[in-house]
Amino acid sequence: MKKTFTRQLTTAAAVAALYTVLSFASSFIPTVGGVFQFRVSEALTILPYFTPAAIPGLFIGCLLSNLITGALPYDLIFGSLATLIGAIGTYALRRLSENTSHFSQNGLPLGAWLAPLPPIAANTIIMPFVIAKISEMPESIPLFAFSVFIGEIVCCGGLGLLLLAALKKHPQLFGHE
């Protein structure tokens, strides 16, 4: 029991640190603060597919990232909550993989292909309102939704699925054999 707790705590801390470092590094990419935001660390939102320890790791990593990069309170709170909601949704899709392995495409079960959808949806629904509140441009919510959606598709969908496929080949990384 103590070994499992220690492993989960270590995994959560590693995910939080990696998310924070990647977010900080990607904050130097010119498009990150513009209309289209590409936070490379969002690729890590597929990690709850492999372990529940990634859920608090992603939440804490997002919170730390937002603090370090000087996010305003709305972004700090609701951006972190969007990441938490997405992480919980991704973890829930893990069960779908167990029950639908016969729908496998290119070696990945259906749940794996769907794993990026909860963070994409959570951020696309929540963040446009946050950006509109911060920028004082409520009329631009549809534009903000589109821009967040594109950024999340690229980072969670594209990079996240590549990461998921790579990690799926190494189940021992998350204590699975």
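Taking the condition farther than 24 Å from TRP113 by Cβ, at pLDDT below 95 and open to solvent by less than 50 Å² (accessible area, probe 1.4 Å), does SER97 pass? In short, no. Looking across segment 100-127, the residues that are modelled with pLDDT under 95, open to solvent by 30 Å² or more (accessible area, probe 1.4 Å) and either part of a helix (DSSP H, G or I) or closer than 16 Å to GLY151 by Cβ (or both) come down to SER101, HIS102, PHE103, LEU110, TRP113, LEU114.
Screening ALA13 against (1) open to solvent by less than 50 Å² (accessible area, probe 1.4 Å); (2) free of Cβ contacts under 8 Å to residues at least 60 places away in the same chain; (3) in a helix (DSSP H, G or I) leaves a single unmet condition, (1).
The lone criterion from (1) farther than 17 Å from THR45 by Cα; (2) touching a strand residue (DSSP E or B) at 6+ places or on another chain (Cβ under 7 Å); (3) not hydrophobic (A, V, I, L, M, F, W, C) left unmet by PRO138 is number (2).
From the list ILE85, ILE55, the one residue that fits, being open to solvent by 70 Å² or more (accessible area, probe 1.4 Å), at pLDDT 95 or above and under 18 Å from the mean Cα position of the chain (by Cα), is ILE85. Taking the stated definitions as given, is ILE131 over 19 Å from LEU159 (Cα atoms) and at pLDDT 95 or above? No, not satisfied. Name the single residue, out of those in segment 16-28 being in contact (Cβ under 8 Å) with a residue 40 or more places away in the chain and hydroxyl-bearing (Ser, Thr, Tyr), that is most open to solvent (accessible area, probe 1.4 Å). If we take residues in segment 16-28 being in contact (Cβ under 8 Å) with a residue 40 or more places away in the chain and hydroxyl-bearing (Ser, Thr, Tyr), then SER27 is most open to solvent (accessible area, probe 1.4 Å). The residue list LEU63, LEU67 contains one member that is assigned to a helix (DSSP H, G or I), within 25 Å of ALA25 (Cβ to Cβ), open to solvent by 50 Å² or more (accessible area, probe 1.4 Å) and at pLDDT 95 or above, which is LEU63.
The values are calculated or read from the model by the stated rules, or taken from the named source; none is laboratory data. All values derive from a computational prediction rather than experimental measurement. Every residue, glycine among them, receives a Cβ derived from its backbone with ideal geometry; neighbour counts consider all protein chains shown. The area values use the complete protein model at the heavy-atom level, side chains included, leaving out ligands, DNA and RNA. Shrake-Rupley method; radii C 1.70, N 1.55, O 1.52, S 1.80 Å.
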